[in-house]
1. Conditions: (1) at pLDDT 95 or above; (2) not in a strand (DSSP E or B). ALA155 meets all but one. Number of the miss?
2. Residue by residue through the range 49-78, note down the ones that are among the hydroxyl-bearing types (Ser, Thr, Tyr) and either in contact with a helix residue (DSSP H, G or I) (Cβ under 7 Å, 6 or more places away or on another chain) or over 23 Å from VAL150 (Cα atoms) (or both).
3. What's the total number of residues in the range 167-221 that are part of a loop (DSSP other than H, G, I, E, B) and either modelled with pLDDT of 85 or more or in contact with a helix residue (DSSP H, G or I) (Cβ under 6 Å, 6 or more places away or on another chain) (or both)?
4. Can you name the residue in the range 77-106 that is touching a residue at least 24 places away in the same chain (Cβ under 8 Å) and among the β-branched types (Val, Ile, Thr) and, of all such residues, is surrounded by the fewest Cβ atoms within 10 Å (Cβ to Cβ)?
5. Just checking, does the range 45-54 include any residue being modelled with pLDDT of 95 or more, within 18 Å of VAL88 (Cα to Cα) and either loosely packed, with under 13 Cβ neighbours inside 10 Å or not β-branched (Val, Ile, Thr) (or both)?
6. Name every residue in the range 159-180 that is under 19 Å from ASN116 (Cα atoms) and among the charged types (D, E, K, R), in order of residue number.
Amino acid sequence: MDKKKDKQVFEYVNPQALKWVKEHSSNMTNLMAYYKCAIMEVETKLNVLNEEFSLQHDRNPINTIKSRLKSILSITEKLERNGLELTVENIEEFLSDVAGIRVICSFTDDVYIIANALLSQDDITLIRKKDYIAHPKENGYRSLHLLVNVPIFLANEKKIMKVEIQLRTIAMDVWASLEHQLRYKKSFEFSEEMAQELKKCADLSAELDYRMERLRRQVID
């Protein structure tokens, strides 16, 4: 773990959580390294699929891949918020979003092509799937969420780690990023009228994806 970042995090963690993290710093360092390795494993699989698709179809379905590890502060806060004891075991068992990957695809069909190809691999186990593309959230949010188990191979053991994967189009990602900036701006009350306007923007984004997908099928297929 980065000591400078940890020092900043510790300033905001309650004393009990701070004490626990310090007492278990070695275990936490190992755990976060395992989650990082799991991200690397999934990213490699996604890059291989992207390259294979490029060879077969002369285009890349994946535009970008982003990853992140949940901060120690967020981990301890979430455990406490859920009434769970601060233990390494509880982090692995009950937290599904410590390791996260966001896959930005060019077209809606690409989202499902990549997701299905990834899930068909025999060392990937699907834990949970939420399709917010087929069934958008009330605010207009669209994305395909997968929670998977992936093995990582260490020097003397194999560990199974959870990774949360979000797959979405460029249009979906732009809307989600801007929506988050607007809705969660500090010291500002977000009105119902603004929420409705954001929903209209989401509908426009969905229309853009639909039209672009239709054009893709005419030009490429």
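1. Tallying (1) at pLDDT 95 or above; (2) not in a strand (DSSP E or B), ALA155 fails exactly one: (1).
2. SER54, SER67, SER71, THR76
3. So the answer is 1.
4. Filtering the range 77-106 for residues that are touching a residue at least 24 places away in the same chain (Cβ under 8 Å) and among the β-branched types (Val, Ile, Thr), the one surrounded by the fewest Cβ atoms within 10 Å (Cβ to Cβ) comes out as VAL88.
5. Checked the range 45-54: no residue is modelled with pLDDT of 95 or more, within 18 Å of VAL88 (Cα to Cα) and either loosely packed, with under 13 Cβ neighbours inside 10 Å or not β-branched (Val, Ile, Thr) (or both).
6. Listed by number, the residues that qualify are LYS162, GLU164, ARG168.
Results for (1) closer than 21 Å to LYS45 by Cα; (2) surrounded by 13 or more Cβ atoms within 10 Å (Cβ to Cβ); (3) out of contact with any Gly (no Cβ under 9 Å at 6 or more places or on another chain); (4) free of Cβ contacts under 8 Å to residues at least 60 places away in the same chain, shown as yes or no for each residue.
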| position | (1), (2), (3), (4) |
| --- | --- |
| THR108 | yes, yes, yes, no |
| ALA117 | yes, yes, yes, no |
| HIS135 | no, no, yes, yes |
| SER143 | yes, yes, yes, yes |
| LEU147 | yes, yes, yes, yes |
| VAL150 | yes, yes, yes, no |
| ASN156 | no, no, yes, yes |
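Matching residues to (1) of a type in the set (S, T, N, Q); (2) over 23 Å from CYS37 (Cα atoms); (3) in contact with a helix residue (DSSP H, G or I) (Cβ under 6 Å, 6 or more places away or on another chain):
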position: GLU80; (1), (2), (3): no, yes, no
position: LEU119; (1), (2), (3): no, no, no
position: ARG142; (1), (2), (3): no, yes, yes
position: ALA155; (1), (2), (3): no, no, no
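The values are calculated or read from the model by the stated rules, or taken from the named source; none is laboratory data. Since the structure is predicted, the reported quantities are computational estimates derived from the model, not experimental observations. Ideal geometry is used to build each Cβ from the backbone, glycine not excepted, and the neighbour counts take in all protein chains shown.
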